[in-house]
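Here is the structure we will look at.
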Amino acid sequence: MDDGYDVVESSVPVLLTVVKEINVPRLPSLKGKMAAKKAVIERMDSMSIGAEEENLGLKGSPTQVKNIFAPHAKTERKVLEGTLEQQIDALIEELRRMKCI
């Protein structure tokens, strides 16, 4: 479908694909800008939506962070020098040595 909406129901697992333009925001019209200025944003908290306390925060999280660390920097680096052709040849040789190609 090029324009509009499709409503589809499916059981899981399911694979969805979209076109690349899905992430391009559309510019609002003048009417949309004026409506946004007047819009009232309602603030909600856990009580106003009826959420149970045991489902919130650390108690309600299915995952827990055990450890946070910065990865160790690898110091082994190689700079390829020479002309572009020489650099390409050296890169291919290095990839062969590492059995990547």
Hits among aspartates and glutamates - C-alpha to C-alpha of LYS78 under 18 Å, sequence gap 8 or more where chains match: ASP89, GLU93, GLU94
All Cα pairs of the range 15-101, percent lying beyond 14 Å: 85
Pairwise label distance in nanometres, ALA51 with SER11, each label 7 Å out on the Cα-Cβ vector: 3.1
0 to 90° range, to nearest 10: angle between helix 84-97 axis and the chain longest Cα axis: 80
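Please work out the average accessible area per residue across the chain, using the 1.4 Å probe convention, and give it in Å².
112
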Whole-percent carbon and sulfur share, accessible surface of the range 4-101, 1.4 Å: 59
VAL24 accessible area, assembled protein chains, probe 1.4 Å, Å²: 90
Residue-span extension gain [LEU84 to LEU27] - 0.36 nm each, minus C-alpha spacing: 16.2 nm
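Would you calculate, for the chain, the mean residue ellipticity at 222 nm contributed by helices, counting each DSSP H stretch of 4 or more residues as -39,500 (n - 2.57) and dividing by all residues, to the nearest 500?
Numbers: 3 runs with 27 residues, N = 101.
After summing the helix terms and dividing by residue count, I get -7500 deg cm²/dmol.
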Packing rank of 44-55, 84-95, 59-70, where each peptide gets the mean count of other beta carbons within 10 Å, highest leading: 84-95, 44-55, 59-70
Point-to-point label distance, LYS59-ILE41, nm (Cα→Cβ direction, 7 Å offset): 2.9
Whichever lysines have a C-alpha closer than 26 Å to that of LYS20, once near sequence neighbours (fewer than 8 apart) are set aside: LYS33
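The values are calculated or read from the model by the stated rules, or taken from the named source; none is laboratory data. Bear in mind that the values here come from a model prediction, so they are computed numbers and not experimental data. Counting neighbours? That spans all protein chains shown, and the Cβs are built from the backbone with ideal geometry, glycine included. The area values use the complete protein model at the heavy-atom level, side chains included, leaving out ligands, DNA and RNA. Shrake-Rupley method; radii C 1.70, N 1.55, O 1.52, S 1.80 Å.
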